[in-house]
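Heads up, the thing below is written out as structure tokens.
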Amino acid sequence: MPLALRRVLGLVVSGEATNRAEIARRSGLARSTVGQQVDQLMSTGILEEVESKRSVRGRPPRVLTVSPQAGTVLVADIDTAASRIAIADLNRRVLATETVPVRIEAGPGAVLDTVAERLKTLLDRQRRDPGRVRQVVVGLPGPVDFEQGCAVQPTGMPGWDGYPVAEHLGRLFGTPVIVDNDVNLMALGEAAHERLDTPLLCIKISSGIGSGLVTADGGLYRGADGAAGDIGHIRAVGGGNTLCACGNVGCVGAVASHRAVLRGLGIPESTEDDPAFGARELARRITEGEPTALHAVRQAATEIGEVVAMLVHMFNPRTVVLAGPLSELRDDLVSAVRAAVYQRALPLATRKLTITASRLKGTSGLHGGIALATQDIFSPPGIAQLLAEASAGSL
Ligand SMILES: [Zn+2]
């Protein structure tokens, strides 16, 4: 398959170029080559030209986009108290999204069946053919064996250890399923959807603490076994003898996570009728300026900052994104993490570094799942398959 075809398709999928002239300018390819590739992609039904929705005077401009016929992707971002799901087209546009109130302790069978049923309902409502689902992506809040498509000894997820998540959903949808760690997806979502500079390090501060790393070329760094970024069990400077669920003492996840801050303040994480009670109550106390709550958040931020400083030395990221309920609390968390990092890290590593809170309000995992799915669909083997289906007339 010609490299030119991949370049053309890549620019349209990422939204970087929507017409022939733009594609030629961005790719450096000759206009005639771009024209040829676009014509081929349109005649096979992979790309189509539609009227832009942008309001301009006169005739609306025509833009290139991936045809709805080419397929749909499904994403499930599974978390402890609830899961978020989305369906998207191959232009990475979210078509529908929903929060499914199912607790992770219900076990993999129940959670996956509930999530799959809701996804099928969304497909139905959007009139998307279930037979054209190309890829399902699942994020799990624990260590994931990426090759096997399952969680490996996750804490607080009874029944999930080694459970064949990819196989289970693959059976229900008849498509390939990618299972990844939730923070990996969040990191990819921040880089792809927010177009933040890479290398990018995303830190999720929730029931534990985890991180994901997007490399300079936009791919995920998973390490040899998929365990890269599992930073919650690094020893915190002020960790003391606090016992962690892993059996060690003083882990940063045990002293500085959202769960740990709530516990320290005596706030229950959830109540019978409000699964997000803890997050809401802490936010209220912070807004009201309650000193013990402010102190607890700053203390946690300092511990996290120490770990982030170490990671900044190791990976020299251009962007650090803090995500999870603690990061949504005013600027207290971000500024305290910044202070700790700038105090610790050397100038070369921090000169162009941006440390920021996620602006995606908990949807970065969904955007990351969509990005990962389309990366796979528009990889060289993925495109070859699309073209083969198109020439067989099944697109
Ligand atoms: Zn631990």
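Of all the residues in segment 149-176, those that are open to solvent by 30 Å² or more (accessible area, probe 1.4 Å) and not basic (Lys, Arg) number 14. Since Glu190 meets every condition but one in (1) in contact with a Gly (Cβ under 9 Å, 6 or more places away or on another chain); (2) acidic (Asp, Glu); (3) in a loop (DSSP other than H, G, I, E, B); (4) outside the structural domain of Ala76 (by TED's automatic domain parsing), which condition does it not meet? Glu190 satisfies all of (1) in contact with a Gly (Cβ under 9 Å, 6 or more places away or on another chain); (2) acidic (Asp, Glu); (3) in a loop (DSSP other than H, G, I, E, B); (4) outside the structural domain of Ala76 (by TED's automatic domain parsing) except (3).
Residues of segment 154-177 being of a type in the set (Val, Ile, Thr) and touching a Leu at 6+ places or on another chain (Cβ under 6 Å), which ones?
Val177, the sole residue that qualifies.
Go through the residues of segment 85-102 one by one and say whether even a single one is over 24 Å from the mean Cα position of the chain (by Cα) and open to solvent by 70 Å² or more (accessible area, probe 1.4 Å). No: zero hits. Restricting the first residue to segment 231-259 and requiring it to be open to solvent by less than 40 Å² (accessible area, probe 1.4 Å) and near the ligand (Cβ under 9 Å from one of its atoms), which pairs with a second residue that is in a strand (DSSP E or B) and among the hydrophobic types (A, V, I, L, M, F, W, C) meet a Cβ separation below 6 Å and a spacing of at least six or different chains? Sorted first by the residue in segment 231-259, then by its partner, the pairs are Gly232/Ile209; Cys244/Cys251; Val252/Ile209; Gly253/Ile209. For the structure I just gave you, tell me whether Arg7 is among the basic types (Lys, Arg), part of a helix (DSSP H, G or I) and within 24 Å of Leu387 (Cβ to Cβ). When the stated conditions are applied, Arg7 passes them.
Kindly indicate whether any position in segment 51-65 is of a type in the set (D, E, K, R), outside any strand (DSSP E or B) and open to solvent by less than 60 Å² (accessible area, probe 1.4 Å). Checking segment 51-65: not a single residue is of a type in the set (D, E, K, R), outside any strand (DSSP E or B) and open to solvent by less than 60 Å² (accessible area, probe 1.4 Å).
When you scan segment 368-389, do you find a residue that is more than 18 Å from Asn184 (Cα to Cα), under 25 Å from the mean Cα position of the chain (by Cα), open to solvent by 40 Å² or more (accessible area, probe 1.4 Å) and of a type in the set (Gly, Ala, Ser), even just one? The answer is no, given that none of the residues of segment 368-389 is more than 18 Å from Asn184 (Cα to Cα), under 25 Å from the mean Cα position of the chain (by Cα), open to solvent by 40 Å² or more (accessible area, probe 1.4 Å) and of a type in the set (Gly, Ala, Ser).
The values are calculated or read from the model by the stated rules, or taken from the named source; none is laboratory data. Keep in mind that this is a model prediction, so the values were computed, not measured. Using ideal geometry, Cβ is built from the backbone for each residue, glycine included, and neighbour counts are taken over all protein chains shown. When the accessible area is computed, the model is the full protein with side chains, heavy atoms only, and any ligands, DNA or RNA have been set aside. Shrake-Rupley method; radii C 1.70, N 1.55, O 1.52, S 1.80 Å.
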